[in-house]
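The values are calculated or read from the model by the stated rules, or taken from the named source; none is laboratory data. Keep in mind the model is a prediction, meaning the values are calculated, not measured. Here Cβ is always computed from backbone atoms with ideal geometry, including for glycine, and neighbour counts include all displayed protein chains.
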Amino acid sequence: MKISKFKSIVFSAFVMILACTTFAQIKPISLHPENPHYFSYQGKPILLITSGEHYGAVMNPDFDYKIYLKTLQKDGLNLTRTMTGAYFEPAGAFNISKNTMGPAKDKFLCPWKRATDQTKFDLNQWNDAYFVRLKDFMTEAQKSGVIVELSLFCPFYEEMQWELSPFNIKNNVNGLGAIPRTDVYTLDKNKGLLAIQEKMVRKLVDELNGFPNLIYEICNEPYFGGITLEWQEQISKTIVEAEKTFANKHLISQNIGNGFEKIKNPNPLVSVFNFHYATPPKAVSLNYNLNKVIGENETGFNGQKDSTYRKEAWELILTGGGLFNNLDYSFTTDHPEGTFLYPEKQPGGGTPAFRRQLSYLKKFMDSFDFVKMKPDTTVFSGEISGKNKVTVLSEPGKQYAIYWMGGKQMNPEFQLPKGEYLLEWLNPITEKLEKKEKLSHSGGMVQLESPAYAEDIALKIIKE
């Protein structure tokens, strides 16, 4: 028995070493060298598209992230966003039922070890159990083909979140955090917390260096709670400095705002600029000239209809966005496979059906050589009435991805060069190929006839 147990331990250690070595050999996700509006991973261009749970996968030990990540893989999605545990929420916050970010206080996991009495944290001691869980989460995500956007910090929106934070003097044995919640993420008012924050960032960077499926987000929604741009820049510098001697360098993302705005002084250390609730996707067109990924890494407070978020995703991606993430409230601790039927009075959305619809968008885009495509406002020349919208990505004369929203049938006019084309009309709700046809075109305007559809339809045009 002892020999058998010893062999088992040796074998397990060998597997872990082999896994870490394999990960270290894979270049981390990066901006695509030919078109930095998109990502490159494992030698291929990729878009990041998902509908993920509410960020508590690591901090909440009751959440089965293995089932969750396998569900994302099965549903054809490739991104999750999670928070480190520097912030968590009381149960019921934001009217979210079974919120994964609301673990029981005595179970909550964060980077810091609990003090002897278990009611407070020691900000000078690391919690080994947390880092074991975090790295296992990263490992399982990598196996499932899922990129992790790790949000390092989050503002304290209200006193109820600040009351729970390890940074609050009430919850640590280090005598730190006797400040208003709006001073926590500043360079000059933090009263010693900045050093703790930088130390946490360096520790995370050191622990996660070997994982290629990782993007660091500086802070979730830093436009709330008194967070300064100078502090955000300092955290980005801390990440870069911590990785200075490492072969692996990870992308840094910055959350700019809700809706849209023009980024006037972009942080040169940031490669991904994310917005929340970015519909219509003006944030993409306003900042496309930055030649970085423009994404929407949180949406989900606009009712519960799948159609709302499906249209939002298609429009954003076909405007030139490179990342879309919907909050998915169907993932809970007792439904890690994403089947929880959340109450009507809470925010939405997220369902198994919706996740499949997102996968149709991803497969549609993957059917193109999308790295060579850009937003195109010259192809469609007709009038748009009512709530109808048309969005086009193209490589002129070669490939066109067109998304039409509104109506039940259309006869649009498109401007196309001379050529022989293959046309495929796709149903975004069912993935059914509604119509396939060939077009021999002499050049100039051409009127097409779409099949009937329910709410929206996508058109693929490829020059043969």
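Computed values, structure above
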| item | result |
| --- | --- |
| Total residues in region 255-270, condition buried (at least 22 other Cβ atoms within 10 Å of the Cβ) and polar (S, T, N, Q) | 1 |
| Checking A86 against (1) at pLDDT 95 or above; (2) within 17 Å of R133 (Cα to Cα), the condition it does not meet | (1) |
| Search result, residues across region 428-448 that are free of Cβ contacts under 8 Å to residues at least 12 places away in the same chain and hydrophobic (A, V, I, L, M, F, W, C) | L433 |
| Residues of region 108-120 that turn out to be assigned to a loop (DSSP other than H, G, I, E, B) and under 26 Å from the mean Cα position of the chain (by Cα), as a count | 4 |
| Test: residue in region 353-363 that is hydroxyl-bearing (S, T, Y) and either outside the structural domain of P36 (by TED's automatic domain parsing) or part of a strand (DSSP E or B) (or both) | no |
| The one condition in (1) assigned by TED's automatic domain parsing to the domain that holds L422; (2) hydrophobic (A, V, I, L, M, F, W, C); (3) not in a loop (DSSP other than H, G, I, E, B) that I384 fails to fulfil | (3) |
| Residue that is farthest from D456 (Cα to Cα) [pool: residues in region 325-364 that are out of contact with any Ser or Thr (no Cβ under 9 Å at 6 or more places or on another chain) and of a type in the set (A, V, I, L, M)] | A353 |
| Residues located in region 217-251, provided they are assigned to a loop (DSSP other than H, G, I, E, B), under 30 Å from E158 (Cα atoms) and among the polar types (S, T, N, Q) | N220, T228 |
| Candidate set from region 402-431 (those that are in contact with a Pro (Cβ under 8 Å, 6 or more places away or on another chain) and assigned to a loop (DSSP other than H, G, I, E, B)); member that is farthest from A454 (Cα to Cα) | P417 |
